[in-house]
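*Asks:* Sharing a structure, written as structure tokens. Questions coming.
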Amino acid sequence: MNPKSAGKGTTAVHAGVQPDPSTGAIMTPIFQTSTYVQEAVGVHKGWEYSRSHNPTRAALEAALAELEGGTAGLAFASGLAAIDTVMKTLRPGDQVICGQDLYGGTARLFRTNTAPLGIEFIFVDTQDAANVEAAVTEKTKLVWLETPTNPMMQITDIAAVAALTQPRGIRLAVDNTFASPMLQRPLEHGADIVMHSVTKYLGGHSDVVMGALVTKDPAIDAELRTIQNNCGAIAQPFDSFLVLRGLKTLHLRIERHCANGRRIAAWLKEHPGVGKVYWPGFPEHPGHDIATRQMDDFGGMIAFEIASNSLEQAKTLVASTELFALAESLGGVESLIEHPAAMTHGSVPAEIRAQLGINDGFIRLSVGVEDVEDLIADLEQAFAKAGV
Ligand SMILES: *Cc1c(COP(=O)(O)O)cnc(C)c1O
């Protein structure tokens with residue numbers, strides 16, 4: 001099924017899954033097996049060893065590829081394992097241009113593990129594609145983007161960056177975790193590789209850690225698949241099954257995340273104790289026009305600062321919600337609240353946090369799919385307890 005012909009919801013329900021040929025089971029079974037019996041040496045049904053291939057993982061990989069409008073998907077043990085796989089396509093002396101406001105773990109991987117191998121990272125503000133262009137040298141092999149970013153909700157114009165990378169033979173990879181393919185399909189805008197922390201919206205139920213890569217370029221697919229098999233950071237069959245199940249309601253969940261996000265963003269904006277609210281759906285958001293063009297809606301991730309910028313008040317607030325769970329991660333059915341400076345972005349150097357605006361009073365919400373009135377009532381009581 002092609003997402004261009006079928007609707008996104010139809011694709012979410014059907015992508016990748018076919019009735020099991022041996023039983024007719026409508027759901028892809030969990031092929032919890034490490035190996036496959038061969039009839040004679042080298043005579044087998046296409047499956048040899050589960051690091052290389054597994055039917056449950058293959059069904060999920062096909063589904064992820066369809067959802068992103070790609071031709072090949074790969075599922076990994078975590079989002080970071082997926083990113084690390086892309087890093088392993090690089091060689092000493094290569095240069096990567098990447099966004100400044102990256103997921104904390106991504107920036108940590110780049111700085112701590114990839115840079116020491118002789119790969120240079122240039123962190124630029126990708127909200128203006130001209131900054132990417134200015135950083136390009138003949139050593140540039142990859143541009144790595146997040147849009148919207150975590151946690152500042154900055155928007156980068158994927159097509160504008162692709163217009164710079166494509167003619168130069170530089171690969172463009174986009175971390176599409178925050179948007180999910182329901183809201184944004186980077187391959188349609190010229191990206192070469194889409195990456196997901198499947199842990200978040202795609203899994204959607206806070207019960208799996210997984211990553212994915214999708215491409216529509218057979219040469220890139222072959223390169224990534226070789227690394228996946230050689231290095232072995234694969235997604236497991238049971239986890240693949242859980243995500244296949246999660247994908248079937250992705251469109252419904254995302255619709256509700258977006259509707260709830262819209263209401264809560266508006267509520268925060270009106271609250272006298274709240275300073276800036278970061279949500280790309282506001283017309284005054286600097287990336288609003290690009291987001292309107294390249295996304296189908298604005299999602300359920302919202303960041304805001306409390307007007308006082310008091311650490312004490314921020315800590316009390318995030319500890320006082322009852323429905324919003326105080327936790328890292330995002331994209332699950334349940335709402336989460338967190339303090340990025342002390343939690344998810346603690347590993348980001350303090351001066352970079354300050355530069356981005358991740359200050360003491362800065363709070364991030366992952367708005368879930370509960371009844372929005374209950375979520376707002378919960379925030380109201382927590383704001384009151386914190387004296388915000
Ligand atoms: C969580 C996350 C990752 C890392 O994924 P894991 O599944 O935790 O390894 C990467 N990018 C973004 C935007 C994320 O939110």
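The values are calculated or read from the model by the stated rules, or taken from the named source; none is laboratory data. Small disclaimer: the values here were computed from a predicted structure and weren't measured. Cβ atoms come from the backbone with ideal geometry, glycine included; neighbour counts cover every protein chain shown. Heavy atoms of the whole protein, side chains included, go into the accessibility calculation; ligands, DNA and RNA do not. Shrake-Rupley method; radii C 1.70, N 1.55, O 1.52, S 1.80 Å.
*Asks:* Pairs only if they're at least six apart or on different chains, beta carbon under 7 angstrom, first in segment 328-353 and farther than 19 Å from Ala314 by Cβ, second aliphatic (A, V, I, L, M) and part of a loop (DSSP other than H, G, I, E, B); list them, first residue then second.
*Replies:* Correct list of pairs: Val333/Val369.
*Asks:* Same structure, new question: Tell me, which helices (runs of 4 or more DSSP H) wholly within segment 1-102 include 2 or more residues that are closer than 30 Å to Ala134 by Cβ and in contact (Cβ under 8 Å) with a residue 60 or more places away in the chain? Show your work before the answer.
*Replies:* Numbers: elements: 8-14, 55-67, 79-87.
In segment 1-102, 79-87 are the helices (runs of 4 or more DSSP H) which contain 2 or more residues that are closer than 30 Å to Ala134 by Cβ and in contact (Cβ under 8 Å) with a residue 60 or more places away in the chain.
*Asks:* Please specify each residue of segment 301-317 satisfying the condition of being within 19 Å of Ala377 (Cα to Cα) and either open to solvent by less than 10 Å² (accessible area, probe 1.4 Å) or part of a loop (DSSP other than H, G, I, E, B) (or both).
*Replies:* Met301, Ile302, Ala303, Phe304, Ile306, Ala314, Leu317, listed by residue number.
*Asks:* Mind checking which residues of segment 200-227 are hydroxyl-bearing (Ser, Thr, Tyr), surrounded by fewer than 24 Cβ atoms within 10 Å (Cβ to Cβ) and touching a Gly at 6+ places or on another chain (Cβ under 6 Å)? Don't jump to the end; show me each part of the working.
*Replies:* If we filter segment 200-227 for residues that are hydroxyl-bearing (Ser, Thr, Tyr), which is where we start, we get 201, 206, 215, 226.
When the remaining residues are screened for being surrounded by fewer than 24 Cβ atoms within 10 Å (Cβ to Cβ), the result is 206, 226.
Passing the criteria: only Ser206.
*Asks:* Is it the case that Glu370 is in a loop (DSSP other than H, G, I, E, B), open to solvent by 40 Å² or more (accessible area, probe 1.4 Å), without any contact (Cβ under 8 Å) to a residue 24 or more places away in the chain and not hydrophobic (A, V, I, L, M, F, W, C)? Please lay out each step first, then the result.
*Replies:* On the way: in a loop (DSSP other than H, G, I, E, B): yes; open to solvent by 40 Å² or more (accessible area, probe 1.4 Å): yes; without any contact (Cβ under 8 Å) to a residue 24 or more places away in the chain: no; not hydrophobic (A, V, I, L, M, F, W, C): yes.
In short, no.
*Asks:* Kindly check whether there is at least one residue in segment 213-228 that is at negative phi and within 14 Å of the ligand (Cβ to nearest atom). Give the derivation first.
*Replies:* Initial filter on segment 213-228 (at negative phi): 213-228.
Next, from what is left, pick out any that are within 14 Å of the ligand (Cβ to nearest atom): 213.
For segment 213-228, residues at negative phi and within 14 Å of the ligand (Cβ to nearest atom): present.
*Asks:* Could you check segment 62-80 and list, in sequence order, the residues that are surrounded by 23 or more Cβ atoms within 10 Å (Cβ to Cβ) and within 16 Å of the ligand (Cβ to nearest atom)?
*Replies:* Of everything in segment 62-80, those that are surrounded by 23 or more Cβ atoms within 10 Å (Cβ to Cβ) and within 16 Å of the ligand (Cβ to nearest atom) turn out to be Leu64, Glu68, Gly73, Leu74, Ala75, Phe76, Gly79.
*Asks:* Would you check which residues across segment 270-292 are assigned to a helix (DSSP H, G or I) and either in contact with a Gly (Cβ under 7 Å, 6 or more places away or on another chain) or free of Cβ contacts under 8 Å to residues at least 24 places away in the same chain (or both) and list them?
*Replies:* Residues satisfying the conditions are Glu270, Asp289, Thr292.
*Asks:* Let me ask another. Take Phe238 and tell me if it is more than 17 Å from the chain's Cα centre (by Cα), not assigned by TED's automatic domain parsing to the domain that holds Val369, not charged (D, E, K, R) and not in a loop (DSSP other than H, G, I, E, B). I'd like the intermediate steps shown before the answer.
*Replies:* Working: more than 17 Å from the chain's Cα centre (by Cα): yes; not assigned by TED's automatic domain parsing to the domain that holds Val369: yes; not charged (D, E, K, R): yes; not in a loop (DSSP other than H, G, I, E, B): yes.
So Phe238 fits the description; yes.
*Asks:* Taking segment 128-155 as the search range and keeping residues that are within 16 Å of the ligand (Cβ to nearest atom) and polar (S, T, N, Q), which one is nearest to His285 (Cα to Cα)?
*Replies:* Ranking the qualifying residues of segment 128-155, first place goes to Gln154.
*Asks:* Right, something else. So which of Ile158, Ile193 ends up being closer than 30 Å to Lys276 by Cβ, within 16 Å of the ligand (Cβ to nearest atom) and buried (at least 24 other Cβ atoms within 10 Å of the Cβ)? Before the answer, list the steps.
*Replies:* On the way: Ile193 fails: closer than 30 Å to Lys276 by Cβ.
From the options Ile158, Ile193, the qualifying one is Ile158.
*Asks:* Output the residue which, of all residues in segment 106-119 that are buried (at least 18 other Cβ atoms within 10 Å of the Cβ) and touching a residue at least 60 places away in the same chain (Cβ under 8 Å), is farthest from Gly232 (Cα to Cα).
*Replies:* Among those that are buried (at least 18 other Cβ atoms within 10 Å of the Cβ) and touching a residue at least 60 places away in the same chain (Cβ under 8 Å), it is Ala107.
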